[in-house]
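Shown next, in structure tokens, is the structure this report addresses.
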There are 2 protein chains.
Amino acid sequence: MTDDSAPARPGLSRRGLLGLAGAGVVGAGIGFGIDRVVTPEAGAVSGAAASYPFYGEHQSGIVTAAQDRLHFAAFDVSDITASELEELLADWTYAANRMTTGLGAGKYGPASGPYDSPPDDTGEALDLPPSGLTITFGFGPSLFDDRFGLAGKRPDALVDLPHFPGDALVDTLVGGDLCIQACSDDPQVAVHAIRNLSRIAFGRASLRWSQLGFGRTSSTTRAQATPRNLFGFKDGTANLRAEDAETAKDVWVQPGDGASWMTGGSYLVSRKIRMTIETWDRTSLREQERVVGRTKGEGAPLSGGTEFSEPDFDATGRADAPLIDTASHVRLAHPSMNDGAALLRRGYNFVDGNDDLGRLNAGLFFICFQRDPRAQFVPIQLQLAKNDAMNEYLRHVGSGIFAVPPGATADRPIGAGLFD
Amino acid sequence: MTDDSAPARPGLSRRGLLGLAGAGVVGAGIGFGIDRVVTPEAGAVSGAAASYPFYGEHQSGIVTAAQDRLHFAAFDVSDITASELEELLADWTYAANRMTTGLGAGKYGPASGPYDSPPDDTGEALDLPPSGLTITFGFGPSLFDDRFGLAGKRPDALVDLPHFPGDALVDTLVGGDLCIQACSDDPQVAVHAIRNLSRIAFGRASLRWSQLGFGRTSSTTRAQATPRNLFGFKDGTANLRAEDAETAKDVWVQPGDGASWMTGGSYLVSRKIRMTIETWDRTSLREQERVVGRTKGEGAPLSGGTEFSEPDFDATGRADAPLIDTASHVRLAHPSMNDGAALLRRGYNFVDGNDDLGRLNAGLFFICFQRDPRAQFVPIQLQLAKNDAMNEYLRHVGSGIFAVPPGATADRPIGAGLFD
């Protein structure tokens, strides 16, 4: 680890330490009666599990093989200055880089350091390996209002999402100035990351909404088996995959796309989609397969073949009816029905307890990445929202769109391009 | 698998099938135009992962090595008769036994069977191994009111929990006629179990409250490392362990304990404990360790040694102050301070999004098992609720107590002893 010796960013800012310590107390060095030897890096955690580098050309957590668990958080930035925002992003970069290698969020870790100050890490991941942790940051449209002088930096592609037919959005589940997607194969590691980043932001940004996802519903590489959503179907078979030649141009912002600070970045759209699973569970197997357009067991298109067979939307059966219903999800979401537009999906199943009618509050936290939402998510979702037979069993209650900047390096924190 | 051929319970009851199909439709055999061969057991899932037998002297999920994930559900029984309740428990037994072996909840599974009826399994666990799934059933005090003629069967040990000082219970998170604890190393498998059992109960019992837990906080066997709670500390080091000689008499109801149908059973107490982690995170390492009575890193008692060293509550340091504070959690919860009373703990960390002040709604879903709550949970919790320094950082918001009957066999469903 060399981050502590990187010249531009030797550690958390004074405000970052303040966040850790709470109002009015600086975390390090002011304790009285320190009767324990300070042991930097004692919070280090080692482990054999997968770990992905935080620094790089692109942020990790996009084409990275989808981990099993998710903690996603959207933040509102408090009344701070542009340079304080820049400092927050530098602090987040510092801590995120540490945590993705299994270290604590701060240099002392959860169980050492000044004994009369709060630890600079909360500790619940102390004995856990990184478990493939990735931390991915994004900026919502509202960050580009007049508070931070960033209006001129707003990319055209970072549109305000239109109202889609059937939207039932809940104010408290929509938007956000900033977002963090933490994915890991161990939910405790993902929760630890969001908690500590939220803590570092104390006084500078606060949680607006957040979501745990317990099971991935997408494969982002061909080596991963296609998982099932809470309708019981394999989901995202026609998803873009990291290794496919055309994926790069559909996911990463290219030079010349406008807003040059976004080159090498991507756009994230999140949708919290509640599934009315009790209603779904009472429909026949025939109807379920008609709605999806695939078989429930194998996941093969109803036109025949196996899971990865191309659907044949022209194939017909009895009475010349199409084998794949024209209102089926697989047909309406298919690139061939959307001028070739495709998405890199990275969604997760969720269950948030139950409602007061005794129904599980369950569904899909949909996440997708793309080069330009105007050409990808928006038209695809307009098509689905109007015509998808699946809408009868869905309710979109949360929504977010975020510009995900390119990756950081040891001396250029996340979002540095905003302040050039 | 022999359950389908067991004489007493060849499959789901007619009402169980009704639950799967929704009001007014019987699941099997009434479909028109069935154009697919019915393939019993096609929903079977095989896998190399751990599986625990459902049938046995005791229910599994109690002394079973604690799995990583939890879905817990409490149910209200609808306006049904005693014999319909008996049938519900038989249906649950049938489906639970199947699911713990990796089979679908019903005999056809999610992707085959009558094509014009709803599948008898929802399918999201179709490709997943059992992943150590255990399903544990319990009966709340309210089941023994006058609705089902069971008042005479209520065990004296199934007390109504007293009000504990500081309780901040929320009505909708308390009680329940029935409970199901589903534990698995894969959260999707645990969610699948609760969802399908809830579905089978349609019209007979409905969800009252439910809880997902993402990380175990207890070790129930000595082979398991002690995990950390969201305070960042190892939790339950002094917990009873399955292999300890004295555990059996502290966990299982013994002959002569009263309510003979409970012999071989246990009593489950659940407490949803919200942790005010933002406040905790701003306290010094010194204060955190004082409150817990152990070091944060190693988990050793502050009287010295390593994690499993016995705490020495008489040891003193500077100015003759006790090294382990008299109000510390480790001291007040210790069997030596509770007339030897101990609990088998099986709790899980939870995060349920955040509140509207931007604080994570997080904490511990505490579960314990014991032979008699009057001699174990109740006096220990009274002691803690009055004196534990940790109370400043806790709020008990949910609560349940359930009689967990002995294990089922192929011809005696869960709770059969209630109806003898």
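The values are calculated or read from the model by the stated rules, or taken from the named source; none is laboratory data. These numbers come from a predicted model, not from an experiment. Because the Cβ atoms are built from the backbone with ideal geometry, glycine has one as well, and the counts that use them run over all protein chains shown. The accessibility values were calculated without ligands, DNA or RNA, using every heavy atom of the protein model including side chains. Shrake-Rupley method; radii C 1.70, N 1.55, O 1.52, S 1.80 Å.
Need pairs with beta-carbon distance below 8 Å; first residue touching a residue at least 60 places away in the same chain (Cβ under 8 Å) and within segment B:267-282, second hydroxyl-bearing (Ser, Thr, Tyr) and not in a strand (DSSP E or B); sequence gap 6+ or separate chains.
Listed by first residue and then by second, the contacts come to B:Met275/B:Tyr393; B:Thr276/B:Tyr393; B:Ile277/A:Thr122; B:Ile277/B:Tyr393; B:Thr279/B:Tyr393; B:Trp280/B:Tyr393.
Criterion first (small (Gly, Ala, Ser), within 22 Å of A:Glu246 (Cβ to Cβ) and open to solvent by 20 Å² or more (accessible area, probe 1.4 Å)) does A:Ala333 satisfy it? Please lay out each step first, then the result.
Working: small (Gly, Ala, Ser): yes; within 22 Å of A:Glu246 (Cβ to Cβ): yes; open to solvent by 20 Å² or more (accessible area, probe 1.4 Å): yes.
So A:Ala333 fits the description; yes.
Please work out which one of (1) within 14 Å of chain B (Cβ to nearest Cβ); (2) surrounded by fewer than 20 Cβ atoms within 10 Å (Cβ to Cβ) is the condition A:Gly166 fails and give its number.
Unmet for A:Gly166, out of (1) within 14 Å of chain B (Cβ to nearest Cβ); (2) surrounded by fewer than 20 Cβ atoms within 10 Å (Cβ to Cβ): (1).
Name every residue in segment B:169-178 that is in a strand (DSSP E or B) and crowded, with 24+ Cβ neighbours inside 10 Å, in order of residue number. Before you say what the answer is, go through the steps one by one.
Here is the first cut: in segment B:169-178, the ones in a strand (DSSP E or B) are B:174, B:178.
The one that is in a strand (DSSP E or B) and crowded, with 24+ Cβ neighbours inside 10 Å: B:Leu178.
Inside segment B:250-265, can you point out the residues that are under 20 Å from the mean Cα position of the chain (by Cα) and either of a type in the set (S, T, N, Q) or closer than 17 Å to B:Gly407 by Cα (or both)?
Just the residues of segment B:250-265 that are under 20 Å from the mean Cα position of the chain (by Cα), to begin with: B:250-253, B:262-265.
Correct list: B:Val251, B:Trp252, B:Val253, B:Met262, B:Thr263, B:Gly264, B:Gly265.
Every residue, every condition in (1) open to solvent by 40 Å² or more (accessible area, probe 1.4 Å); (2) modelled with pLDDT under 95; (3) more than 8 Å from chain A (Cβ to nearest Cβ); (4) in a loop (DSSP other than H, G, I, E, B), yes or no:
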site	(1), (2), (3), (4)
B:Ile180	no, no, yes, no
B:Ala193	no, no, yes, no
B:Asn196	no, no, yes, no
B:Arg199	no, no, no, no
B:Ala223	yes, yes, yes, yes
B:Phe231	no, no, no, yes
B:Ala238	yes, yes, yes, yes
B:Ala245	yes, yes, yes, yes
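Taking the stated definitions as given, is A:Gly203 more than 13 Å from B:Leu360 (Cα to Cα), over 14 Å from the mean Cα position of the chain (by Cα) and in contact (Cβ under 8 Å) with a residue 40 or more places away in the chain? Give the steps one after another, and end with the answer.
Numbers: more than 13 Å from B:Leu360 (Cα to Cα): yes; over 14 Å from the mean Cα position of the chain (by Cα): yes; in contact (Cβ under 8 Å) with a residue 40 or more places away in the chain: yes.
When the stated conditions are applied, A:Gly203 passes them.
Could you identify the single residue in A:Trp261, A:Trp280, A:Trp252 that is within 12 Å of chain B (Cβ to nearest Cβ), hydrophobic (A, V, I, L, M, F, W, C) and either touching a helix residue (DSSP H, G or I) at 6+ places or on another chain (Cβ under 6 Å) or closer than 17 Å to A:Gly61 by Cβ (or both)? Before you say what the answer is, go through the steps one by one.
Values: A:Trp261 fails: within 12 Å of chain B (Cβ to nearest Cβ); A:Trp252 fails: within 12 Å of chain B (Cβ to nearest Cβ).
Of the residues listed, the single one that is within 12 Å of chain B (Cβ to nearest Cβ), hydrophobic (A, V, I, L, M, F, W, C) and either touching a helix residue (DSSP H, G or I) at 6+ places or on another chain (Cβ under 6 Å) or closer than 17 Å to A:Gly61 by Cβ (or both) is A:Trp280.
Of the residues B:Ala362, B:Ala375, which is touching a strand residue (DSSP E or B) at 6+ places or on another chain (Cβ under 6 Å) and either more than 15 Å from B:Asp167 (Cα to Cα) or crowded, with 22+ Cβ neighbours inside 10 Å (or both)? Lay out the reasoning, then the answer.
On the way: B:Ala375 fails: touching a strand residue (DSSP E or B) at 6+ places or on another chain (Cβ under 6 Å).
Sole residue among the options that is touching a strand residue (DSSP E or B) at 6+ places or on another chain (Cβ under 6 Å) and either more than 15 Å from B:Asp167 (Cα to Cα) or crowded, with 22+ Cβ neighbours inside 10 Å (or both): B:Ala362.
Give the number of residues within segment A:100-152 that are farther than 22 Å from B:Phe350 by Cβ, surrounded by fewer than 24 Cβ atoms within 10 Å (Cβ to Cβ) and acidic (Asp, Glu).
Looking only at that region, the number is 3.
So which of B:Leu364, B:Leu357, B:Leu384 ends up being among the hydrophobic types (A, V, I, L, M, F, W, C) and part of a helix (DSSP H, G or I)? Spell out the reasoning first.
Details: B:Leu364 fails: part of a helix (DSSP H, G or I); B:Leu357 fails: part of a helix (DSSP H, G or I).
Residue meeting the stated conditions: B:Leu384.
I'd like to verify a number: residues in segment B:205-221 that are surrounded by fewer than 24 Cβ atoms within 10 Å (Cβ to Cβ) and either in a loop (DSSP other than H, G, I, E, B) or more than 10 Å from chain A (Cβ to nearest Cβ) (or both), how many?
Count: 3.
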